[in-house]
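Contents: one structure, followed by commentary.
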Amino acid sequence: MGTPNFELAYRGTPPWDIGRPQKEYVQLEQAGEIVGSVLDVGCGTGENALYLAAQGHDVWGIDFTPTAIQKAQEKAAQRHLTVSFRVLNVLELHTLGRTFDTVIDSGLFHVFSDEERPLFVDNLAAVIRRGGTYFMLCLSELAPKLDYSKLKDFLPDFDKLKDLVPNFDKLKEGDYGPRRVTQAEIKGLFQDGWRINYIRQATMESTMGSGVRLGWLSSISKE
Ligand code: SAH
């Protein structure tokens with residue numbers, strides 16, 4: 001158990017949807033690490049994608065939740081920015097038919113099951129040019145899990161969760177929220193055809209609790 005119902009979450013404002021780009025991505029851009037065209041996988045309501053478009057990058061954003069993409073498109077129009085936002089499952093990225101210099105991921109990878117992870121990596125390889133780089137920001141095993149009872153604060157349809165989540169009444173604190181990812185798992189997945197430039201400790205910003213959660217920021221280039 002752990003995958004939220006994203007459509008339901010985006011009818012409200014989920015805790016990761018902070019209304020501004022993640023600090024780690026602003027720093028990467030300022031350091032010149034984000035190069036050329038950019039694909040934002042699992043872009044949500046688009047803050048990271050819109051920020052990079054404002055900095056002059058050619059940006060596409062992909063998410064499988066229609067309400068998130070609709071919100072992202074509305075922000076782009078309001079801010080007079082051009083980003084190609086599309087509803088698509090990232091496990092079908094290969095159907096995009098183009099490659100990018102850079103792919104960014106803020107909080108997508110940690111959603112996948114064990115079976116989905118290698119499928120995602122194959123799809124990633126199809127949309128990054130050789131020498132291009134995938135940046136991944138995910139929660140680490142050092143970040144405590146969410147207290148599911150606090151979901152009430154940001155999900156307007158919280159009561160419906162009872163119908164959607166198996167064994168809802170038996171959930172304990174810590175049962176809810178995305179998976180925690182270890183460095184060893186990242187290294188294990190990106191062995192063949194990839195070069196890991198670094199995996200460093202990073203923070204993910206959210207609107208819950210202290211607002212800061214521990215994660216890993218990885219830079220991984222396609223060979
Ligand atoms: N990057 C955004 C959203 C992070 S939450 C941000 O930083 O705010 C994870 C996002 O991944 C959600 O928007 C969810 O809809 C999307 N997602 C999860 N699995 C997906 C899949 N298989 N294909 C496309 N999007 C997916």
Interchain or long-range residues, amide H under 5 Å from ARG179's placed H: none
Built amide H within the under 5 Å cut-off of GLU33, gap 5+: none
Greater than 23 Å apart at Cα, pairs in LYS23/LYS222; LYS23/LYS75; LYS71/LYS187: LYS23/LYS222; LYS71/LYS187
Residue order, fewest to most surrounding Cβ atoms within 10 angstrom, among VAL87, VAL26: VAL87, VAL26
Interchain or long-range residues, amide H under 5 Å from TRP194's placed H: GLU223
All-pairs alpha carbon distance profile, the stretch 1-132, 10 Å steps from 0, percent: 12, 46, 36, 6
³J(HN,Hα), Karplus 6.51/-1.76/1.60, whole Hz, each residue of the stretch 10-24, x for Gly, Pro: 6, 6, x, 10, x, x, 7, 8, 8, x, 7, x, 5, 3, 4
Karplus-derived HN-Hα couplings along the stretch 83-89 (A = 6.51, B = -1.76, C = 1.60, θ = phi - 60°), whole Hz, x at Gly and Pro: 9, 8, 8, 9, 7, 7, 6
Once the Cα gyration tensor of the stretch 9-48 is diagonalised, semi-axes √(5λ) in Å: 23, 12, 6
Whole-Hz couplings from phi, Karplus 6.51/-1.76/1.60, listed for the stretch 48-59; x for Gly and Pro: 5, 4, 5, 4, 5, 5, 5, 8, x, 7, 7, 10
Size of electric dipole in the stretch 6-75: Cβ of Lys, Arg +1 and of Asp, Glu -1, about Cα centre, debye, nearest 20: 220
Ranked HIS80, HIS94, HIS110, HIS57, criterion: other C-beta atoms within 10 Å, fewest first: HIS80, HIS94, HIS57, HIS110
Sequence of TRP16, TRP194 once ranked by neighbouring C-beta atoms within 10 Å, starting from the fewest: TRP194, TRP16
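FYI, it's all coordinate maths here, none of it is from the lab. From a predicted model like this one, the values you see are computed outputs, not experimental measurements. Reconstructed Cβ throughout: ideal geometry from the backbone, glycine too, with neighbour counts over all protein chains shown.
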